[in-house]
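Contents: one structure, followed by commentary.
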Amino acid sequence: MRLQCRILRNIAVSTGFLVWLLWLVWPAWSAATAAPRAQIVGKDGAPMALVPGGTFKMGSPEGTGEDDERPLHEVVLSPYYMDVFETTNRVYRRCVDAGACAPPEIRMLFDDPRLADHPVVIVDWEQARKFCQWAGKRLPTEAEWEFAARGPDGRIYPWGNEWDPSRANWNGEDEGEGTAGTKPVGSYPSGVSPFGIHEMAGNVWEWCADWHNAESYASYHDKTDPRGPRFGTVKVLRGGGWKGSGKETLRTANRFMDRPFEAYSLFGFRCAATPPGVPPPDPKTLPALPVRDDYYDDVPE
């Protein structure tokens, strides 16, 4: 009888210990194994939408687009988050006030209270990168940007395959004599991407993480979570701005580039983030590209 009581007591103690241990580790285990949420709010206070990843065709087929958009090639992406809106003056100011970001060199637009919900502009690539780092995020890769804009069905524009000038902020002149300027983010809800992401066509060009190389799709592009060339002299921008020929410029496959230290009223950005439990893009293992100096002939003054 005494032995049975001792056994029962040991079982009770062991069970209690296991329950206590489970109570202790459950929150961390649950968070680590939970599926990423469809939408989150970043440290910067900006909403982010989950892009579930998958396989898509990146670029343009023969006979369409520009030379640096070819060949059309298959890319596989892991899940990631993307800012629903371009980073605004209001949101960027939080980083400036925290002492982690430098304000735009020309502050007139940044300091205008009427433009608080317009995209922050006149920021170079490094300013964009530092903001995303402060917010616990990162700049999107070029492949991530394109997939978030066009979806798995390969749309020509975020809203579909037909050009519709009412769905994006552009100046309305094919000659490119734009005077419209930026609009508040979220102004074109009919132009959202398949993942509910706004203004991926028009408003501002958006900095991406990648170096640009005109031959990268043919020679240097990884098939899974590509990060672009290892080195270069110009960075990729995507999305088209408010000034330009909308029908061609605002295509989801259209690529632009400029030197990372340049900052114009057409240049802004948005951030991406890797969900917990999802490995970030692997480091580049491809051969390094030579640094070219003739890109100065390829970019606008």
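The values are calculated or read from the model by the stated rules, or taken from the named source; none is laboratory data. For clarity, every value in this text was computed on a predicted model and none was experimentally measured. Virtual Cβ from ideal backbone geometry, glycine too; neighbours counted across all protein chains shown. Keep in mind that these areas ignore ligands, DNA and RNA; they rest on the heavy atoms of the full protein, side chains included. Shrake-Rupley method; radii C 1.70, N 1.55, O 1.52, S 1.80 Å.
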>> Between ARG129, ARG155, ARG93, ARG114, which is charged (D, E, K, R), within 18 Å of ALA272 (Cβ to Cβ), open to solvent by 20 Å² or more (accessible area, probe 1.4 Å) and at pLDDT 95 or above?
In response: ARG129
> Which one of the conditions (1) farther than 25 Å from HIS212 by Cα; (2) in contact with an Asp or Glu (Cβ under 9 Å, 6 or more places away or on another chain) does GLY136 fail to meet, given that it meets all the rest?
Replying inline: (1)
> Only one of (1) in contact with a Phe, Trp or Tyr (Cβ under 8 Å, 6 or more places away or on another chain); (2) modelled with pLDDT under 90; (3) open to solvent by 50 Å² or more (accessible area, probe 1.4 Å); (4) within 23 Å of GLY65 (Cα to Cα) fails for SER219. Which number is that?
Replying inline: (1)
>> Can you list residue pairs whose Cβ atoms sit under 9 Å apart, with the first residue in the stretch 85-102 being assigned to a helix (DSSP H, G or I) and the second being crowded, with 20+ Cβ neighbours inside 10 Å and β-branched (Val, Ile, Thr)? Count only pairs 6 or more apart in sequence or on different chains.
In response: ASN89/VAL120; ASN89/VAL121; ARG90/VAL120; VAL91/VAL120; TYR92/VAL120; TYR92/VAL123; ARG93/VAL120
> Restricting the first residue to the stretch 228-249 and requiring it to be on the phi > 0 side of the Ramachandran plot, which pairs with a second residue that is part of a helix (DSSP H, G or I) and of a type in the set (Val, Ile, Thr) meet a Cβ separation below 7 Å and a spacing of at least six or different chains?
Replying inline: GLY240/THR249
>> So, in the stretch 243-259, how many residues would count as being touching a strand residue (DSSP E or B) at 6+ places or on another chain (Cβ under 7 Å) and open to solvent by 30 Å² or more (accessible area, probe 1.4 Å)?
In response: 1
> Would a scan of the stretch 123-135 turn up a residue that is closer than 25 Å to THR233 by Cβ, in a loop (DSSP other than H, G, I, E, B) and free of Cβ contacts under 8 Å to residues at least 60 places away in the same chain?
Replying inline: no
